[in-house]
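The next block holds one structure in the form of structure tokens; read it before the comments.
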Amino acid sequence: AVRDGDDLVAREQMALAATFAGLGFGNAGVHIPHACAYPIAGRVREYRPAGYPQDEAMVPHGMAVVMTAPAAFTFLREAAPERLQRAAQLLGGDDLPSVLRRLMRDVGLPSGLAELGFGVADVDSLVDGALKQQRLLATAPVDVRAEDLVEVFAGSMELW
């Protein structure tokens, strides 16, 4: 679906997978990567993704979510090792953060928050924005503190 937009079967299967994912999210809840996505999308200054209107800066929601997912799941590794291992296996690997980075590269996503125009000076602002998403952070398997989010955002600047 990513490599050949004319492949209708692949696009149909991707749409079905996205629907199933949405159903899963609604039942299982989402946490750190989604909470981090709000300030990423809301504080973007210059990034304009290919294939989107170029009149203003934006980060699509899915891209904003996955940018911090490898670092978030590294942070959560000890809190939910069986769940993260199972998710990695379902995606064809052994380590969820590594599997996610590989998938991100394979589909041509930016290599981290720095490529979206963020830097170390933006971390405090990003953390502040994520902390406002308590309805999401509350579903994480651990209590998420500001210093934890600093680690997640800093670890998401360069993913490869």
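Where a number appears in this text, it was derived from the coordinates with a stated rule and is not lab data. For clarity, every value in this text was computed on a predicted model and none was experimentally measured. All Cβ positions, glycine included, derive from the backbone under ideal geometry; neighbour counts span all protein chains shown.
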Point to revise | Spacing of the two label points (7 Å from each Cα toward its C-beta) at ARG11 and GLU82, in nm | key: 4.2
Review point. What is the distance in Å between the Cα centres of segment 79-105 and segment 110-127?
Key: 23
**Study point:** Computed FRET value (nearest 0.05) for MET58 with ARG102, which takes r as the C-beta separation and R₀ as 25 Å
**Key:** 0.50
**Study point:** Excluding exposed DSSP-loop trypsin sites (Lys or Arg not before Pro) (at most 16 other C-beta within 10 Å), longest clean stretch of the chain
**Key:** 78-131
**Study point:** Förster radius 25 Å - calculated FRET efficiency between ASP94 and VAL142 (Cβ-Cβ, nearest 0.05)
**Key:** 0.65
Point to revise | Value of relative contact order over the chain, rounded to a whole percent, pairs C-alpha under 8 Å and six or more apart | key: 29
Review point. Points 7 angstrom from Cα along the Cβ direction at ALA154 and SER125: gap in nanometres?
Key: 1.9
Study note, to complete from the structure: Checked against the structure, the computed Rg and Dmax of the Cα atoms in Å among (1) 15.6, 45; (2) 17.6, 58; (3) 18.8, 59 is the one labelled (1)
Exercise for review: Could you work out the longest stretch of the chain that avoids the GluC sites (Glu not before Pro) located in DSSP loops with at most 15 other Cβ atoms within 10 Å?
Suggested key: 79-157
